[in-house]
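The values are calculated or read from the model by the stated rules, or taken from the named source; none is laboratory data. Keep in mind the model is a prediction, meaning the values are calculated, not measured. As a convention, Cβ positions derive from the backbone with ideal geometry for all residues, glycine included, and neighbour counts pool all protein chains shown.
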There are 2 protein chains.
Amino acid sequence: MTAAVPLEVGLVPDNLFAAVTAASAEERLTELLSRPGLRIEKIVSTGQASPVGFWYDQPQAEWVVVLRGQARLRFEDEAQARVLAPGDYVDIAPHRRHRVDWTATDEPTVWLAVHYRG
Amino acid sequence: MTAAVPLEVGLVPDNLFAAVTAASAEERLTELLSRPGLRIEKIVSTGQASPVGFWYDQPQAEWVVVLRGQARLRFEDEAQARVLAPGDYVDIAPHRRHRVDWTATDEPTVWLAVHYRG
């Protein structure tokens with residue numbers, strides 16, 4: 001009997017889409033990187049939206065991209081929501097009031113958000 | 001005859017995957033955001049790799065994710081390259097020497113890179 005040849009196991013990288021399951025009652029937020037003045041996070045939404053009448057009003061700027069799913073992002077200073085599909089990105093200035101009007105219910109919507117000093 | 005009802009045209013957002021064509025002789029880099037100490041860029045590779053013997057040695061840190069395609073990222077301080085598939089991300093410390101050993105030739109590899117003060 002010969003000894004098994006040891007497999008060279010490569011480093012398994014972290015993956016954005018790991019643990020993105022089909023549905024969840026709660027929106028899930030994962031911090032991927034945190035540095036002074038910079039935070040990268042993943043958000044997974046499945047049908048969640050901002051509460052009625054709620055607006056995000058953030059001291060930091062946010063560059064955000066939808067990687068999976070679909071969402072409607074509404075700015076208070078715009079009449080109409082923006083429909084975001086995979087690859088669509090938006091840069092949100094500090095204190096520009098916005099809300100998530102809707103996210104897809106039939107698949108998870110994966111956002112990647114880069115919060116930075118604006 | 002009735003006048004056509006005007007369509008409400010929503011704002012068309014910028015898209016990461018726009019203009020990602022099947023193949024290009026050159027690697028293409030698009031700056032998506034540039035702020036003091038922060039730069040977000042998209043890189044599209046189709047078979048390109050770092051020149052033989054070349055190592056990136058960057059003063060800034062880089063958080064990078066592969067969104068489409070496939071790549072092999074090699075660090076000088078690691079024996080083996082890391083295989084990166086869509087969603088895989090890596091945080092590269094300043095001056096940690098690395099190179100791209102290989103990218104897929106049959107489809108574009110789309111990277112999103114966040115360069116920041118490390």
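Worth a mention:
- Odd one out for B:Val12, checked against (1) over 13 Å from the mean Cα position of the chain (by Cα); (2) modelled with pLDDT of 95 or more; (3) under 21 Å from A:Gly87 (Cβ atoms): (2)
- Condition check for B:Ser34 on (1) more than 8 Å from chain A (Cβ to nearest Cβ); (2) surrounded by fewer than 15 Cβ atoms within 10 Å (Cβ to Cβ); (3) assigned to a loop (DSSP other than H, G, I, E, B): one failure, at (3).
- Qualifying residues in the stretch A:105-118 (those that are buried (at least 17 other Cβ atoms within 10 Å of the Cβ) and over 23 Å from A:Arg35 (Cα atoms)) - the one nearest to the other protein chains (Cβ to nearest Cβ): A:Pro108
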